[in-house]
1. Could you tell me whether GLU277 is more than 22 Å from the chain's Cα centre (by Cα), closer than 24 Å to TRP64 by Cβ and in a helix (DSSP H, G or I)?
2. Return the pair list, or none, for Cβ contacts closer than 7 Å from residues in the stretch 118-131 that are within 14 Å of ASN200 (Cβ to Cβ) to residues that are at pLDDT 90 or above and of a type in the set (Phe, Trp, Tyr), at least 6 apart or on different chains.
3. Would you check if ASN223 is closer than 25 Å to LEU38 by Cα and free of Cβ contacts under 8 Å to residues at least 40 places away in the same chain?
4. Out of all the residues in the stretch 147-163, is one or more of a type in the set (Val, Ile, Thr), within 21 Å of PHE75 (Cα to Cα) and modelled with pLDDT under 95?
5. Got at least one residue in the stretch 249-263 being farther than 23 Å from TRP217 by Cα, crowded, with 17+ Cβ neighbours inside 10 Å, in contact with a helix residue (DSSP H, G or I) (Cβ under 9 Å, 6 or more places away or on another chain) and not charged (D, E, K, R)?
6. Say whether the condition of being modelled with pLDDT of 90 or more and assigned to a helix (DSSP H, G or I) is met by at least one residue in the stretch 15-36.
7. Test of understanding: among LYS258, LYS241, LYS234, LYS226, which residue is of a type in the set (Lys, Arg), farther than 20 Å from HIS163 by Cα and modelled with pLDDT of 95 or more?
8. Go through the stretch 156-200 and give me each residue that's outside any helix (DSSP H, G or I) and either free of Cβ contacts under 8 Å to residues at least 12 places away in the same chain or in contact with a helix residue (DSSP H, G or I) (Cβ under 8 Å, 6 or more places away or on another chain) (or both).
Amino acid sequence: MNKYLDIFKSAYSDYWNYLKQSVLMELQWENYFYGLILISLIVWGLEAVFPWRKNQSLFRKDFWLDTFYMFFNFFLLNLIVLIALSNTAAALLNDGLEVIGLSISSLQLLNLNELSYFARIAIFFVVVDFVQWCTHRLLHTYEFLWNFHKVHHSVKQMGFAAHLRYHWMEPVIYNSLKYIPLAIIGGFSAQDVAIVHFFNITVGHLNHANINWDYGWFKYVLNNPKMHIWHHVKELPEDRKKGVNFGITLSIWDYIFKTNYIPHSGRDIEIGFDGDEEFPKTFVKQELYPFVKK
């Protein structure tokens, strides 16, 4: 037990030191703090230059709430619980495997270090994205998980910062389901993770942005604003009530598994979900919603 308490406590101090180094610009590849700010300002600028809904303000509905969510979920949540929880869970899993004579390294089917740089990045990116696509479908399929995911779908006007409006339980679910697949393809570096992470954040911001883009033929590979807005549509057809367009960064999974849905331009569609007018409007109440919902 003391071992896990030590892991839990050291996670706080390690992440706090990382956060300080980020703010003080002592980090390069792993400086997610300024990376997030830079990406956000660029995509916000694109919203100003290439607006899809021209009557939508740059300071759209819930702009400041979503901005708070963005920094809370990306940094403070890690400091409060996520890193400590992840490190402790990883240690518990490793110890559990040892009981049955296994280890994380014994699960490894592929060592990415043995591959070329671009092959390593590509495999890491595709595996992460597919696991996230599957997890996203689960969030829409089961009511218990959907109640957490409603926080993200409570957005009523799309903009880049809506990307990171989500309940704190979502990264717990995503990270838990990614752990084993990533262990199987071990060998990726911190720089690999940073490159993929920054790319995913950029595409995620663009997907939620008020931008008139669909990337031409590349829309069948990469998720885009004109596709993703239909994921947020309030009124879904009867045969698609569990959701559509689940792609996180890649759209190709939706075309492969027939969950793609773009019936027409979604520029002016109403987004949200049934009963969203009763959904809490403040951060604290939204975070509490899944636990107090009757």
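1. yes
2. PHE130/TRP253
3. yes
4. no
5. No: the stretch 249-263 contains no residue that is farther than 23 Å from TRP217 by Cα, crowded, with 17+ Cβ neighbours inside 10 Å, in contact with a helix residue (DSSP H, G or I) (Cβ under 9 Å, 6 or more places away or on another chain) and not charged (D, E, K, R).
6. Yes, the stretch 15-36 contains a residue that is modelled with pLDDT of 90 or more and assigned to a helix (DSSP H, G or I).
7. LYS258
8. LYS156, MET158, GLY159, ARG165, TYR166, HIS167, TRP168, ILE185, GLY186, GLY187, PHE188, SER189
The values are calculated or read from the model by the stated rules, or taken from the named source; none is laboratory data. Because the structure is a prediction, the values reported are computed rather than measured. No Cβ is skipped: glycine too gets one built from the backbone with ideal geometry, and neighbour counts run over all protein chains shown.
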